[in-house]
1. Just to be sure I understand, how many residues within the range 97-126 are over 21 Å from Phe196 (Cα atoms) and touching a residue at least 60 places away in the same chain (Cβ under 8 Å)?
2. Phe182 is checked against (1) over 23 Å from Gln23 (Cβ atoms); (2) of a type outside the set (A, V, I, L, M); (3) surrounded by fewer than 15 Cβ atoms within 10 Å (Cβ to Cβ) and fails just one. What number does that condition carry?
3. Of the residues Tyr199, Tyr128, which single one is under 20 Å from Met35 (Cβ atoms) and surrounded by 14 or more Cβ atoms within 10 Å (Cβ to Cβ)?
4. Tell me, please, whether a residue that is more than 24 Å from Phe55 (Cβ to Cβ) and open to solvent by less than 60 Å² (accessible area, probe 1.4 Å) can be found in the range 185-194.
5. Does the range 77-98 include one or more residues that are in contact with a strand residue (DSSP E or B) (Cβ under 9 Å, 6 or more places away or on another chain), among the small types (Gly, Ala, Ser) and under 28 Å from Ala22 (Cβ atoms)?
6. Mind checking which strands (runs of 3 or more DSSP E) fall wholly inside the range 50-98 and carry at least 3 residues that are open to solvent by 60 Å² or more (accessible area, probe 1.4 Å)?
7. Filter the range 193-233 down to residues that are part of a strand (DSSP E or B), of a type outside the set (A, V, I, L, M, F, W, C) and within 18 Å of the chain's Cα centre (by Cα), then give me how many there are.
8. Which residue out of Ser209, Ser218 is modelled with pLDDT under 95 and surrounded by fewer than 19 Cβ atoms within 10 Å (Cβ to Cβ)?
Amino acid sequence: MKNYFFLIGLAFTLSACSDSDAQKIVEKSISFYNMEKLRNATLEFDFRNIHYKAFQQEGKFKYERTFKDSTGNVHDILSNEGFKRLLNGKEINLDTAQSNKYRQSVNAVIYFTYLPLKLIDPSVVKKYLGESRIKGKTYHKLEISFDQTDGGNDHRDVFYYWFDTEDYSMDHLAYSSGGNRFRHVLRSHNVDGVIFQDYINYQSPPGDSITPVLKYDSLYNAGKLRELSRIEIEDIVLK
């Protein structure tokens, strides 16, 4: 019985250490990218011919995107107050499905652009999975999930991140929302001291519906992933 309680205590201690390690890794990565400067700043950039503008401060946020399509000039706004779409300057009525679709689209682009800063949001649950080797380099591998209370509609999403053990750069990430994906850093942009990244976006090998995204680092090492797209942001301005 004593051994049983000892093992339980040991498992709890290791889990606590892992959570603490994961938090420290994320904090060091944020420092590497100097993303603390984004806390009280306005960020603007272009992605796939759409202009984005984002602002965050002490729990308050406002994300915007503007573009032109066949219907006219579209202006989407996502904030603490919710989501709304303006067409040619006038707000239009959206059903729940449309609102959720557009909201998620705006939020996803901003979320990935703000990584790794987003990994210290209150809803984030971090788990340290140990070290992993990718293309000859050693990485800290983390699992990121979200608390159901604060995670909103995306609380079921699970992501995996690989942080360089030497400089804590976030060189790879993977997720399964919308299909299994693995991203590798393509290039970096240094804007007023803050580093932003572009990615090559990979998908699963043909016919592979079995390998979990957790193990996509192994598939990437073996050269089995297929390039799907490139995530590249342009004309970045930080105010």
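1. 1
2. Going through the list (1) over 23 Å from Gln23 (Cβ atoms); (2) of a type outside the set (A, V, I, L, M); (3) surrounded by fewer than 15 Cβ atoms within 10 Å (Cβ to Cβ), Phe182 breaks only (3).
3. Numbers: Tyr128 fails: under 20 Å from Met35 (Cβ atoms).
That would be Tyr199, the only listed residue that is under 20 Å from Met35 (Cβ atoms) and surrounded by 14 or more Cβ atoms within 10 Å (Cβ to Cβ).
4. Taking the range 185-194 as the starting set, the residues that turn out to be more than 24 Å from Phe55 (Cβ to Cβ) are 185-187.
After this cut, where a residue has to be open to solvent by less than 60 Å² (accessible area, probe 1.4 Å) as well, the list is 185-186.
Yes, the conditions are met somewhere in the range 185-194.
5. Checking the range 77-98: not a single residue is in contact with a strand residue (DSSP E or B) (Cβ under 9 Å, 6 or more places away or on another chain), among the small types (Gly, Ala, Ser) and under 28 Å from Ala22 (Cβ atoms).
6. On the way: elements: 50-57, 60-69, 72-79, 82-87.
Counting at least 3 such residues, we get 50-57, 60-69.
7. Quick first cut of the range 193-233, residues part of a strand (DSSP E or B) only: 194-203, 226-231.
Remaining after also requiring of a type outside the set (A, V, I, L, M, F, W, C): 197-199, 201-203, 226-227, 229-230.
Filter once more, keeping what is within 18 Å of the chain's Cα centre (by Cα): 197-199, 201-203, 229-230.
Within the range 193-233, residues that are part of a strand (DSSP E or B), of a type outside the set (A, V, I, L, M, F, W, C) and within 18 Å of the chain's Cα centre (by Cα) number 8.
8. The match here is Ser209.
The values are calculated or read from the model by the stated rules, or taken from the named source; none is laboratory data. These numbers come from a predicted model, not from an experiment. Every residue, glycine among them, receives a Cβ derived from its backbone with ideal geometry; neighbour counts consider all protein chains shown. We work out accessible area using only protein heavy atoms, side chains counted, and drop any ligands, DNA or RNA first. Shrake-Rupley method; radii C 1.70, N 1.55, O 1.52, S 1.80 Å.
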